[in-house]
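The values are calculated or read from the model by the stated rules, or taken from the named source; none is laboratory data. Being a predicted model, the structure only gives us computed values, none of them experimental. Note: ideal-geometry Cβ built from the backbone for every residue, glycine included; neighbour counts use all protein chains shown.
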């Protein structure tokens, strides 16, 4: 699992501030989760993420589920489930 802080640069989510007499827009910060799981565990993982993000503090939510035909980790060279630590 990887957790990254990303910036949402759309103007409808940017915070407006005055800096040295100029109006600027500061992008909203968001979290991005990347989780690799085996096929049999996908539904349970998605359900867990949905429940965890159901808080009122989470203003905007989106999820993409993408299949991985194969994965490997370099170094050391490992394939499939061993590459994601399962």
Could you check the range 34-57 and list, in sequence order, the residues that are touching a helix residue (DSSP H, G or I) at 6+ places or on another chain (Cβ under 7 Å) and in a strand (DSSP E or B)? none
If we ask which residues in the range 12-35 are modelled with pLDDT of 85 or more and under 30 Å from residue 68 (Cβ atoms), their number turns out to be 2
